[in-house]
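The values are calculated or read from the model by the stated rules, or taken from the named source; none is laboratory data. Source: prediction; values computed, not measured. Cβ atoms come from the backbone with ideal geometry, glycine included; neighbour counts cover every protein chain shown.
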Amino acid sequence: MTACSTPLWWDAVTGYTPRTRLEGDVDADVAIVGAGYTGLWTAHYLLEEDPALRIVVVERDHVGYGASGRNGGWCYDGFAASLERIERESDLQTARRFAAALRASVDEVGRVADQLGLDIHYRKGGSIEFLRNRGQLARAEADVAAARRYGWTDDELRVVGPDEALDIARASGVLGGLVSAHAAAIQPALLVHGLADVLERRGVRIFENTPATSLQRERVDTPTGTVRAPMIVQATEGYTARMPGLKRRLVPLYSLMIATEPLSDALWSDIGLADHQLFSDYRHLVIYGQRTMDGRIAFGGRGAPYDYGSRIRDGNSFQASDFEYVRLALVDLFPQLEGVTITHRWSGVLGVSRDWYPRVVIDRRAGIAWAGGYVGSGVAVSNLAGRTLAQLVVGHDGELTCFPWVNRSMREWEPEPFRWLGINGALAVMKSADRVEARTGKPAHRAELLWRLVG
């Protein structure tokens, strides 16, 4: 059986009718470039602020084509920059409030989906990150101790022993687990397409197959027409490098994902994950998975190399062999899955800033706002970004618009070949750090040093 090369999630929306492309010029109050989570959440909350706003969205491919329709369905409170950095650059109370806003965003996604009548397979079963060597265990214990400083309680985040971890899922080589309550599994494509459908019913105009070729003051140019608007929101995330003059703002990196065939009841009884807990382990080179509502495992991992010049691969650019390390990581975690058929393989592009710090930015003089750089943790964070962008656009100042990721100064990535050497060198360091921890049972200081150099 040949695995499908499109995301598993797309199977649920294959019957949708493609939207028309922009033909001619159109006026709007707000023009949004990109029909993924950031763009659509921004449109949703703009209408909450002012239902009369005329909003136009242009999308290069189709709704949810990018990371919003390709991710692992982890709706959780992760943020690429550490709270220690946020505290260091602001203060403890600000870091605590921001951590609370991240946690609340997980619930906000579920609340809005329920309010809008969207069945996105939202299951807030929490998450477990298996601790499989002494180095991972030591780092997890230190991270939980740090999290207490920022407001997490024992009920929200804790390290558990091997027995409790194995009660959640029978993974291999488990010394314990880091368990979080602030995590929900979702079906990514159902969320992004559901938002788009609701927004259209509320008057938002969405044009697909309409790439933005340039963003200028009060206009978005496309090959088939121009959108004129006093405010433009750029929501291109991992595809930002394709925009003129922005190749060094966010570099495109990749996650690779696979999905298994539906597993038997007997196999699920052996594996566990009865509450649809999200699962991972505590390695540096991230892996992530979920039990889907139709009984599969959707599983992904980072580590695909960065392509020279911020080139972005489309479609079927990765070969089946490129996904083998993801499959091996899954089988290493759950040996019960050896021999299970892989039905889907796909890739996703994520955006990364030079300091690995997501941002929400508005330039009122230029009439352009943007958000991104989520580093693969964008399901809940994009919701917070959309709420923040909406308030910034309408001029509603509040706590969200005062968080330190708003209008944070930015350093661009280095020119080539230094960019290629640095990024792929960093990936090699993360891989070696995992090997060191597995071999020695001690936290790998080379990874810590790398983060210090980044931040």
| Any residue in the range 315-323 that is buried (at least 17 other Cβ atoms within 10 Å of the Cβ) and out of contact with any Cys (no Cβ under 7 Å at 6 or more places or on another chain)? | yes
| task | Read through the list (1) of a type in the set (A, V, I, L, M); (2) more than 25 Å from VAL109 (Cα to Cα); (3) in a loop (DSSP other than H, G, I, E, B), then give the number of the only condition that ILE120 fails. | result | (2)
| request: Consider only pairs whose beta carbons are under 7 Å apart and that are at least six residues apart or on different chains; among these, list those whose first residue lies in the range 110-125 and is on the phi > 0 side of the Ramachandran plot and buried (at least 20 other Cβ atoms within 10 Å of the Cβ) and whose second residue is of a type outside the set (D, E, K, R) and assigned to a loop (DSSP other than H, G, I, E, B). | output: HIS121/ILE186; HIS121/GLN187; HIS121/MET293
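Collect the residues in the range 277-307 that are basic (Lys, Arg) and not in a loop (DSSP other than H, G, I, E, B), keeping them in residue-number order. It would help to see each step written out before you state the result.
Pass one, the range 277-307, residues basic (Lys, Arg): 283, 291, 296, 302.
Of everything in the range 277-307, those that are basic (Lys, Arg) and not in a loop (DSSP other than H, G, I, E, B) turn out to be ARG291, ARG302.
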| query | Taking ARG60, is it within 23 Å of LEU215 (Cβ to Cβ), surrounded by fewer than 23 Cβ atoms within 10 Å (Cβ to Cβ) and of a type in the set (D, E, K, R)? | reply | yes
| field | Qualifying positions in the range 289-339 - touching a strand residue (DSSP E or B) at 6+ places or on another chain (Cβ under 9 Å) and aromatic (Phe, Trp, Tyr) | value | PHE299, TYR306, PHE318, PHE323, TYR325, PHE334
| task | Working only within the range 330-343, note down all residues that are crowded, with 21+ Cβ neighbours inside 10 Å and either in a helix (DSSP H, G or I) or among the charged types (D, E, K, R) (or both). | result | LEU330, LEU333
| task | State the number of residues belonging to the range 387-416 that are touching a Gly at 6+ places or on another chain (Cβ under 9 Å) and surrounded by fewer than 14 Cβ atoms within 10 Å (Cβ to Cβ). | result | 1
| Complete set of residues in the range 138-193 that are under 22 Å from the mean Cα position of the chain (by Cα), closer than 30 Å to TRP10 by Cβ and assigned to a helix (DSSP H, G or I) | PRO188, ALA189, LEU190, LEU191, VAL192, HIS193
| query | Does ARG364 qualify as being surrounded by fewer than 21 Cβ atoms within 10 Å (Cβ to Cβ) and free of Cβ contacts under 8 Å to residues at least 12 places away in the same chain? | reply | yes
| query | Are there any pairs with C-beta distances below 9 angstrom linking a residue in the range 48-75 that is more than 30 Å from TYR288 (Cα to Cα) to a residue that is part of a helix (DSSP H, G or I) and charged (D, E, K, R), with the two at least 6 apart or on different chains, and if so which? | reply | GLU48/ARG387
| task | Answer yes if at least one residue in the range 13-26 is crowded, with 16+ Cβ neighbours inside 10 Å, touching a residue at least 40 places away in the same chain (Cβ under 8 Å), in contact with a helix residue (DSSP H, G or I) (Cβ under 6 Å, 6 or more places away or on another chain) and within 18 Å of GLU237 (Cβ to Cβ), and no otherwise. | result | no
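Return the residues of the range 238-297 that are on the phi > 0 side of the Ramachandran plot and touching a residue at least 60 places away in the same chain (Cβ under 8 Å); say none if nothing qualifies. First the steps, then the outcome.
Applying the first criterion (on the phi > 0 side of the Ramachandran plot) to the range 238-297 yields 245, 272-273, 276, 295.
Scanning the range 238-297 gives GLY272, LEU273, HIS276.
Inspect the range 227-234 for any residue being modelled with pLDDT of 95 or more, in contact with a Phe, Trp or Tyr (Cβ under 8 Å, 6 or more places away or on another chain) and within 30 Å of PRO415 (Cβ to Cβ) and give the result as yes or no. Talk me through it step by step, then tell me what you get.
Step one: filter the range 227-234 for residues modelled with pLDDT of 95 or more, giving 227-234.
If we keep only those that are in contact with a Phe, Trp or Tyr (Cβ under 8 Å, 6 or more places away or on another chain) too, we end up with 233-234.
Those still in the list that are within 30 Å of PRO415 (Cβ to Cβ) too: 233-234.
Checked the range 227-234: at least one residue is modelled with pLDDT of 95 or more, in contact with a Phe, Trp or Tyr (Cβ under 8 Å, 6 or more places away or on another chain) and within 30 Å of PRO415 (Cβ to Cβ).
Can you spot a residue in the range 16-33 that is within 17 Å of the chain's Cα centre (by Cα) and of a type outside the set (S, T, N, Q)?
Looking only at the range 16-33, we keep the residues that are within 17 Å of the chain's Cα centre (by Cα), and these are none.
So far as the range 16-33 goes, no, none of its residues is within 17 Å of the chain's Cα centre (by Cα) and of a type outside the set (S, T, N, Q).
Determine which member of the set LEU137, LEU157, LEU131 is closer than 28 Å to GLN187 by Cβ and not polar (S, T, N, Q).
Details: LEU137 fails: closer than 28 Å to GLN187 by Cβ; LEU131 fails: closer than 28 Å to GLN187 by Cβ.
Answer to the check: LEU157.
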